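**Student:** Would you mind keeping the following structure in view while I ask a few things?
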Amino acid sequence: MVWSSSTRRARLPKDWARTRRRVLRRDKHACTNEFSDGRVCGAPANQVDHITPGDDHSMANLRALCAWCHARKSATEGGRASALTRVSTARPRETHPALEDGQ
């Protein structure tokens, strides 16, 4: 995340550093991301992720992730958010001239 153009840091609680350390300690500094096949990543974690995006900073909504899994999740969430605002540029399909009625 580009902190210079984001309001995210200002919305974090004042004790975020303490909360972050608690989450990493609770999850034993291991990535808790679960892949679609049920495997858990388990790589060394150095980042804390909000499971449900937003401003819920409760321990139940936070988990430890490795940089790769966190970047992948953030990119997916960003793509979904972008898709909601995307304007469709699809043109109506034209009928082939041979299939038009000769009226």
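**Student:** For the chain, calculate the relative contact order in percent as a whole number, restricting contacts to Cα pairs under 8 Å that are 6 or more residues apart.
**Tutor:** Computed over the chain, the figure is 21 percent.
**Student:** Taking 8 Å as the Cα distance limit and 6 or more residues as the minimum spacing, I'd like the relative contact order of the range 16-76 as a percentage.
**Tutor:** In percent, rounded to a whole number, it is 34.
**Student:** Determine ³J(HN,Hα), in whole Hz, for all residues of the range 22-33 in sequence, where each value follows from phi through the Karplus function 6.51 cos²θ - 1.76 cosθ + 1.60 and θ = phi - 60°; x replaces Gly and Pro.
**Tutor:** Values per residue, Gly and Pro as x: 4, 5, 4, 5, 4, 8, 6, 6, 10, 5, 9, 5 Hz.
**Student:** Scan around residue 62 for amide H atoms under 5 Å from its own, H built in the peptide plane at 1.01 Å from N, and keep only partners 5 or more places away or cross-chain.
**Tutor:** Under 5 Å from the amide H of residue 62: 51.
**Student:** Tell me, rounded to the nearest percent, the portion of alpha carbon pairs in the chain spaced more than 24 Å apart.
**Tutor:** For the chain, the fraction of Cα-Cα distances above 24 Å is 41 percent.
**Student:** Taking +1 at the Cβ of each Lys and Arg and -1 at the Cβ of each Asp and Glu, which of 64, 97, 36 sits farthest along the dipole of the chain towards its positive end, judged by Cα position relative to the Cα centre?
**Tutor:** My answer, from the dipole projection, is 64.
**Student:** Pairing rule first: another cysteine's C-beta must sit under 4.7 Å. Under that rule, which cysteines of the chain stay single?
**Tutor:** 69
Here, each number is a calculation from the coordinates, and none is a lab measurement. Because the structure is a prediction, the values reported are computed rather than measured. With ideal geometry, Cβ positions are generated from the backbone for all residues, glycine too; neighbour counts draw on all protein chains shown.
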